[in-house]
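Colleague: First the structure, then my questions, so here it is.
The values are calculated or read from the model by the stated rules, or taken from the named source; none is laboratory data. Just so it is clear, the structure is predicted and the values come from calculations on it, not from any experiment. Here the Cβ positions follow ideal geometry from the backbone for every residue, glycine too, while neighbour counts run over all protein chains shown.
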Amino acid sequence: MKPVAISVAKKLRLMNRHRSVYLLLLPGIAFFFIFKYLPIYGIQLAFREYRLYVPYGRMPWIGIEKFRDLVAAPDFWRAFKNTIFISALQIVFGFPVPVLLAVLFSELRFIRLKRFTQTVLTFPHFLSWVILSGIFFNLLGNTGVVNNFISSLGLPRQNFLMNPGSFRGLLVATSIWKESGWGSIIYLAAIMSVDSSLYEAAEIDGAGRAQQVFHVTLPAIMGVVIVMLILRIGNIVNYNFMQVFMMYSQPVFKVGDVIETYIYRITFERPPDFSFSTAVGVFKGVINLFMLVGANTLAKRLGYRGIY
């Protein structure tokens, strides 16, 4: 059956009838237009020689010269590899945790315990990395609580935050601890929307709670899981600047420097080259775009809807 075409006049009447809904959309549209679309105009800076007090259109055009400098910069490739590796660890070990938490929350039958647990696990999301980094330094530093306990057992102190072998793991672990409770909310909402008759049918067939989780809950929310995974893969070249910036130090610089901290350094810790910094941002955006399209294409080939 062919879809019925709607005239422009009828569309306008429908929009006028539901104008309150469209008014609610305006703040979100304004946010994305101002902070996401308008800055796209500045991308041309990657192809021009930056001149202070000179309009973009009058800056000398240099083509891909800054991208050649980018490819030849060894510090950039180190930061790029670190970003990819840490983000991959975050996806492998961190992405399933919110899903697991949402399933566990949905299975809790004690309402007070459920609310208390959700509050405790969600609260770290609202703390800044400035505060949390101080807490982690007090816990894991050379004179921190953990090392004092280890020392009391007669064991040597460990420099957890200055050990290149453990620093990436600490970044991933602390990020999981901070964001997993908050990330579980969307999956919990998806679980709450699952038709209860499916659980009733599974229970009649003799399925236990674990079997209902694996054969009803997880398949029902898999579409949401795939969409969130696609978006996460499409953001793989981005990593939390504030977390790394507040926690890394010179001993772990080689394994902890990511693209965001690299952009900060080349912009503010040396004579600024805004054209080069913009080129790094453009390169990062292109990689993220390819990863997003690739993940979405793979999801569709596996039988899922994807995000477009």
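Colleague: Quick check: is even one residue across the range 174-189 under 21 Å from I86 (Cα atoms), assigned to a helix (DSSP H, G or I) and without any contact (Cβ under 8 Å) to a residue 40 or more places away in the chain?
Modeller: no
Colleague: So the check is Cβ under 8 Å with 6+ separation or different chains; which pairs have a first residue in the range 136-147 that's surrounded by 13 or more Cβ atoms within 10 Å (Cβ to Cβ) and aromatic (F, W, Y) and a second one that's at pLDDT below 80 and part of a helix (DSSP H, G or I)?
Modeller: Nothing qualifies.
Colleague: With respect to F47, is the statement that it is farther than 30 Å from R168 by Cα, without any contact (Cβ under 8 Å) to a residue 12 or more places away in the chain and either within 21 Å of the chain's Cα centre (by Cα) or surrounded by 13 or more Cβ atoms within 10 Å (Cβ to Cβ) (or both) true? First the steps, then the outcome.
Modeller: Working: farther than 30 Å from R168 by Cα: yes; without any contact (Cβ under 8 Å) to a residue 12 or more places away in the chain: no; either within 21 Å of the chain's Cα centre (by Cα) or surrounded by 13 or more Cβ atoms within 10 Å (Cβ to Cβ) (or both): yes.
Answer is no for this residue.
Colleague: Among the residues of the range 201-222, which ones are surrounded by 11 or more Cβ atoms within 10 Å (Cβ to Cβ) and more than 13 Å from S106 (Cβ to Cβ)? It would help to see each step written out before you state the result.
Modeller: Kept after step one, since they are surrounded by 11 or more Cβ atoms within 10 Å (Cβ to Cβ), are these residues of the range 201-222: 201-203, 207, 209, 211-222.
Once the filter is applied, which keeps residues that are surrounded by 11 or more Cβ atoms within 10 Å (Cβ to Cβ) and more than 13 Å from S106 (Cβ to Cβ), the range 201-222 yields A201, A202, E203, A207, Q211, F214, H215, P219, M222.
Colleague: Within the range 52-73, can one find any residue that is part of a helix (DSSP H, G or I) and within 22 Å of the chain's Cα centre (by Cα)?
Modeller: So the first thing to find is which residues in the range 52-73 are part of a helix (DSSP H, G or I), and the list is 56-58, 65-71.
Subsequent filtering for residues that are within 22 Å of the chain's Cα centre (by Cα) retains none.
No, that holds for no residue.
Colleague: Please enumerate the residues belonging to the range 95-112 that are surrounded by fewer than 18 Cβ atoms within 10 Å (Cβ to Cβ), in a helix (DSSP H, G or I) and not β-branched (V, I, T). Lay out the reasoning, then the answer.
Modeller: Here is the first cut: in the range 95-112, the residues surrounded by fewer than 18 Cβ atoms within 10 Å (Cβ to Cβ) are 95-97, 100, 104, 107-112.
Narrowing further to those that are in a helix (DSSP H, G or I): 96-97, 100, 104, 107, 111-112.
P96, L100, L104, E107, R112, listed by residue number.
Colleague: Pairs please, first residue from the range 262-282 and closer than 15 Å to E49 by Cα, second anywhere and at pLDDT 90 or above and aromatic (F, W, Y), Cβ atoms under 6 Å, 6+ apart in sequence or on different chains.
Modeller: Pairs that qualify, where the first residue is closer than 15 Å to E49 by Cα and the partner is at pLDDT 90 or above and aromatic (F, W, Y), are A279/F67.
Colleague: Just the residues that are of a type in the set (G, A, S) and more than 20 Å from the chain's Cα centre (by Cα), please, taken from the range 123-153.
Modeller: Matches in the range 123-153: G134, G141, G144, S151, S152.
Colleague: Among R115, R13, R78, which is the only one that is of a type in the set (D, E, K, R), surrounded by 10 or more Cβ atoms within 10 Å (Cβ to Cβ) and within 30 Å of K254 (Cα to Cα)?
Modeller: Details: R115 fails: within 30 Å of K254 (Cα to Cα); R13 fails: within 30 Å of K254 (Cα to Cα).
Matching residue, one of R115, R13, R78: R78.
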